[in-house]
Protein chains: 2
Amino acid sequence: MATVLIVDDDVKLLKMLQRTLTYEGLLVVTAANGLEALKQVDAYHPEIIILDWMMPKMDGMEVMHQLRAENNRAFILMLTARDAIENRVEGLESGADDYLIKPFAPPELVARVHALLRRSENKDNKLPVTFAGLHLDPLAHQASLGGTALELTPTEFDLLHYFMRHPRQVLERSQILTNVWGYDFGGEQNVLEVYVGYLRKKLESSGHPRLIHTIRGIGYALRVE
Amino acid sequence: MATVLIVDDDVKLLKMLQRTLTYEGLLVVTAANGLEALKQVDAYHPEIIILDWMMPKMDGMEVMHQLRAENNRAFILMLTARDAIENRVEGLESGADDYLIKPFAPPELVARVHALLRRSENKDNKLPVTFAGLHLDPLAHQASLGGTALELTPTEFDLLHYFMRHPRQVLERSQILTNVWGYDFGGEQNVLEVYVGYLRKKLESSGHPRLIHTIRGIGYALRVE
DNA sequence: GCAAGCTGTTAAAATACTGTGAAAGGCTGG
DNA sequence: CCAGCCTTTCACAGTATTTTAACAGCTTGC
């Protein structure tokens with residue numbers, strides 16, 4: 001699930017946006033000022049950041065510059081009450097991906113967030129992931145455990161990738177099927193079990209302790225025990 | 001150099017935009033209606049398409065749908081005179097990357113085009129590239145492996161060039177096809193495989209280890225293994 | 001401790017993907 | 001207009017991957 005950080009000092013607006021975007025199926029976290037925002041970014045690594053331009057303590061521009069300086073690639077959507085073209089231009093040229101002029105209608109915000117998400121989905125899932133000695137690089141399509149490369153077929157790779165994007169969590173079978181296989185017709189065969197088997201075999205061949213645990217009656221979880 | 005296609009039935013505006021963007025160092029092509037636009041896309045494969053919403057024959061929305069249906073990934077910037085939110089929302093939701101309300105100030109258009117360009121990875125393709133003993137100079141149209149020159153046909157050269165601009169990465173077939181051949185109609189022939197074969201033959205004739213590896217089910221990657 | 005329901009394992013069948021040679025089709029410069 | 005190179009197509013062989021299916025093994029609640 002995609003994570004969005006909303007940063008605005010207007011608490012009422014903040015709550016409203018949070019409701020709206022949560023309803024859209026996004027994981028929403030909030031911050032009321034720039035400093036808080038940076039902390040939240042550290043904690044949640046949102047894919048999208050909605051930033052109010054004018055705020056006490058540290059304004060939106062500053063937050064953005066700080067983030068970009070840290071090489072953060074999240075998509076940034078600036079909210080601004082000023083509608084002078086120079087400012088919009090300034091915002092876009094200095095690293096924002098989009099902006100919206102207050103006041104705006106919620107559906108428009110939703111539309112823009114979706115537009116950004118469409119763009120970010122390409123990036124989002126292509127960053128290397130690491131967990132408990134496992135390392136997986138989607139761009140290079142390579143995976144390794146404890147430094148030694150793993151030879152995975154496309155489906156095995158996707159499955160492991162999905163697990164690694166949700167470590168420690170219990171993933172229901174239907175959830176895994178829809179996300180990795182793209183379908184989930186109720187009473188199907190045992191493809192998933194077979195593939196978990198394949199993965200376990202490859203991961204544990206070197207005597208490595210089990211990482212993919214089965215949660216009886218529910219699904220599986222990637223964790224160290 | 002990045003290519004931009006501007007599509008608008010207002011010839012005066014068209015000329016103005018062309019001047020402005022040409023001045024920004026972009027290669028600008030134009031079209032006055034939807035049908036022409038599709039032809040131009042075929043001919044030039046622009047990275048960015050600036051589309052007027054309302055046009056005779058085939059309107060902007062239609063053009064966009066057509067392009068997206070063909071799996072064209074160019075960035076699309078919609079121009080619209082209507083400012084009703086529903087329309088903007090519709091535009092963004094259905095695949096545009098950005099939009100601008102007429103009338104707009106040229107600097108703002110420039111800013112937005114730059115913002116989109118930043119996203120488009122098309123850097124300068126004219127610089128010599130080197131990777132793992134391979135050397136390729138686009139300007140001189142010469143390539144060599146370990147110091148000995150390679151005799152490549154134009155397509156072989158472009159393909160190798162594309163690989164070298166994205167070393168180590170896995171490149172999907174459709175990605176390669178759109179970038180090297182300029183098209184990617186769904187179920188086509190196996191030109192790509194054939195050309196990979198040609199390249200491999202020339203690269204490995206001297207006993208040099210394989211550089212172009214196939215990633216089954218996905219595409220190919222240039223890397224040392 | 002035992003049935004009933006889950007889950008794991010295996011092997012074989014079905015499917016999908018890739019590499020290759022050969023030939024047809026295009027294009028270009030002479 | 002022709003020759004020669006370049007590009008694309010086609011058919012098929014050889015593999016790798018995915019799915020199916022049958023059954024063995026394990027858990028759990030009673």
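The values are calculated or read from the model by the stated rules, or taken from the named source; none is laboratory data. Small disclaimer: the values here were computed from a predicted structure and weren't measured. All Cβ positions, even for glycine, are placed from backbone atoms using ideal geometry, and neighbour counts span all protein chains on display.
Computed values, structure above
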read-out: Pair list, Cβ < 7 Å and 6+ apart or interchain, from segment A:203-225 residues that are within 14 Å of A:Gln169 (Cβ to Cβ) to residues that are among the β-branched types (Val, Ile, Thr) and part of a strand (DSSP E or B); value: A:Ile215/A:Val170; A:Ile218/A:Val170; A:Gly219/A:Val170; A:Tyr220/A:Ile212; A:Tyr220/A:Thr214; A:Ala221/A:Val170; A:Ala221/A:Ile215; A:Leu222/A:Ile212
read-out: Any chance B:Leu192 is surrounded by 14 or more Cβ atoms within 10 Å (Cβ to Cβ), over 23 Å from A:Pro154 (Cβ atoms) and in contact (Cβ under 8 Å) with a residue 12 or more places away in the chain; value: no
read-out: Pairs with Cβ under 8 Å, 6+ apart, first in segment B:141-163 and within 16 Å of DNA strand C (Cβ to nearest atom), second among the hydroxyl-bearing types (Ser, Thr, Tyr); value: B:Thr153/B:Tyr198; B:Thr155/B:Tyr195; B:Glu156/B:Tyr195; B:Glu156/B:Tyr198; B:Leu159/B:Tyr195; B:Phe163/B:Tyr220
read-out: Residue in segment B:165-180 that is under 23 Å from the mean Cα position of the chain (by Cα), over 21 Å from A:His141 (Cβ atoms) and surrounded by fewer than 18 Cβ atoms within 10 Å (Cβ to Cβ) present; value: no
read-out: Extreme residue, surrounded by the most Cβ atoms within 10 Å (Cβ to Cβ), among residues of segment B:201-219 that are more than 14 Å from DNA strand D (Cβ to nearest atom) and under 16 Å from B:Met164 (Cα atoms); value: B:Leu211
read-out: Segment B:28-48, residues that are outside any helix (DSSP H, G or I) and modelled with pLDDT of 80 or more; value: B:Val28, B:Val29, B:Thr30, B:Ala31, B:Ala32, B:Asn33, B:Pro46, B:Glu47, B:Ile48
read-out: Matching residues in segment B:191-219 - criterion: being part of a loop (DSSP other than H, G, I, E, B), at pLDDT 90 or above and not charged (D, E, K, R); value: B:His208, B:Pro209, B:Leu211, B:Gly217, B:Ile218
read-out: Qualifying residues in segment B:37-65 (those that are under 19 Å from B:Ala96 (Cβ atoms), of a type in the set (D, E, K, R) and free of Cβ contacts under 8 Å to residues at least 60 places away in the same chain) - the one surrounded by the most Cβ atoms within 10 Å (Cβ to Cβ); value: B:Asp52
